[in-house]
Each structure stands twice: as structure tokens, then as C-alpha cells.
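Notes to accompany the following structure.
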Amino acid sequence: MIDGETGEFRDWIFRFRPATSEPSRLLVMLHGWTGDENSMWVFAGKLPPQMDVLSPRGHYPAPEGGYTWREIQPGTRGLPVIDDLRPSAGLLISFIDDWSKMMGISANQIDLMGFSQGAALSYTVALLYPEHIRSLAVLSGFIPGGAETPLAKRTLEGKPVFVTHGRQDDMIPVEQARKDVAILKGTGVRVTYCESDGGHKVSTDCINGLAEHLG
């Protein structure tokens with residue numbers, strides 16, 4: 001594939017950038033509510049050259065346009081819980097396994113990065129399929145409700161997790177991120193936390209920290 005070209009595999013739409021140095025690792029980027037396969041591509045140019053970068057589109061159309069990682073049903077507004085995201089987590093792991101084999105890319109363990117709702121899905125995938133995850137990057141996100149049991153089992157113990165959040169975030173309060181970081185540290189997770197003065201986005205300083213986390 002051409003660098004950054006949009007592709008299709010079975011019923012998945014995605015963008016992909018191959019690594020330019022060895023040994024390569026696969027980074028999967030997950031967009032937020034109403035995003036698509038292009039939404040996370042702003043980060044691609046900041047990422048280490050040894051990363052194969054995959055950015056898939058969520059399976060469910062959002063009413064406002066774009067896509068979401070949970071099926072839209074009556075009463076499902078607000079922040080999703082882990083069971084809302086469980087179907088997408090399973091579908092995503094199956095897609096990555098099958099697509100990576102077709103491409104000849106090693107994906108036994110992946111680096112996973114998500115923004116907002118995509119960050120909640122990243123947590124969900126890591127908690128349900130920890131053997132597939134090398135590291136996590138959580139951008140302006142939150143631990144979904146219902147994650148208490150797998151976290152209490154120290155499912156993510158020893159894994160590096162990068163968390164970034166803006167103090168002026170009016171969608172997901174920064175207090176949520178601070179609480180999540182404390183929970184993660186209490187269960188043996190290796191957390192790096194970058195807090196900025198911005199809103200529901202990632203600051204330049206935290207993007208630099210993200211690149212260092214993935215380096």
C-alpha cells in the first residue's frame with residue numbers, strides 16, 4: 001500500500017503507514033466519537049519510523065455524522081461502559097489478527113492509542129485481551145465503567161501506559177484522568193501522565209511525550 005492510503009479489508013475501512021526502519025512494531029490508532037480513519041492521522045507524522053501505523057474506522061455510524069465504536073441504541077448516550085465496547089473490542093482484535101497475517105506484519109503484541117471514546121476502547125481491548133497489548137496511549141480519555149474487576153486482577157500490571165489530558169477539557173473533566181491514573185498506578189501499571197492547559201485535544205508538549213513513550 002502507498003503510505004497513508006485508505007484501504008479496505010473485509011468490512012473494515014482504514015489508513016495504513018508502513019514502517020521505514022526495522023525492527024517494526026504495529027501501532028493501532030482509534031478515533032473518538034464521530035471520527036473516522038482520517039481523524040487520528042494528524043499524529044502519524046510525529047510517530048517513530050519503526051512503527052507500522054494502522055488507523056481503522058469504527059463500525060457504527062454516528063447520528064451526528066462520522067462513526068462510533070458502540071452500537072447506537074435508546075438510552076446509550078453518555079460515556080460508554082465496558083460492555084458497550086466489548087463487541088468492537090472483539091471485532092478489532094479479529095481484524096488485526098487476520099489483516100496482519102495477510103500483510104505479513106507481526107502483530108502478536110501491538111501498541112494501542114486512542115482518543116476520547118477511542119481511548120475507552122483502548123482500555124477495553126487491553127483489559128479483555130492483555131496478551132495482545134505491548135503498550136497503551138490514552139488521549140483525553142477515560143476508563144469505562146465496569147472495568148473494576150479486570151483492573152483489580154492487575155490485568156495491566158507492568159504495561160507502559162501514557163495518559164494525556166487537558167485541564168480545560170469540557171467533555172471529559174481532567175479529574176477523571178487524575179482518578180484513572182491513580183487507579184492504574186494502584187494496580188501495578190507503569191503510567192506516564194502529561195497534563196496541559198488545553199481542552200479536549202492533545203498539546204504539543206504531550207505529543208512530544210507520546211512520541212517518547214512510543215520510541
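The values are calculated or read from the model by the stated rules, or taken from the named source; none is laboratory data. Just so it is clear, the structure is predicted and the values come from calculations on it, not from any experiment. Glycine also receives a Cβ, built like all others from the backbone with ideal geometry; neighbour counts cover every protein chain displayed.
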| query | Going by the structure shown, is L121 outside any helix (DSSP H, G or I) and crowded, with 18+ Cβ neighbours inside 10 Å? | reply | no
| query | Could you say which residue among S94, S106 is part of a loop (DSSP other than H, G, I, E, B) and out of contact with any His (no Cβ under 7 Å at 6 or more places or on another chain)? | reply | S106
| Scanning for something outside any strand (DSSP E or B) and modelled with pLDDT of 95 or more, does the range 144-151 turn up at least one residue? | yes
| field | Only listed residue being closer than 16 Å to F43 by Cα, touching a helix residue (DSSP H, G or I) at 6+ places or on another chain (Cβ under 6 Å) and crowded, with 16+ Cβ neighbours inside 10 Å, chosen from V163, V202, V191 | value | V163
| remark: With criteria (1) assigned to a helix (DSSP H, G or I); (2) over 21 Å from A126 (Cβ atoms), D180 comes up short on (2)
| note | The condition from (1) loosely packed, with under 13 Cβ neighbours inside 10 Å; (2) out of contact with any Lys or Arg (no Cβ under 7 Å at 6 or more places or on another chain) that G158 misses is numbered (2)
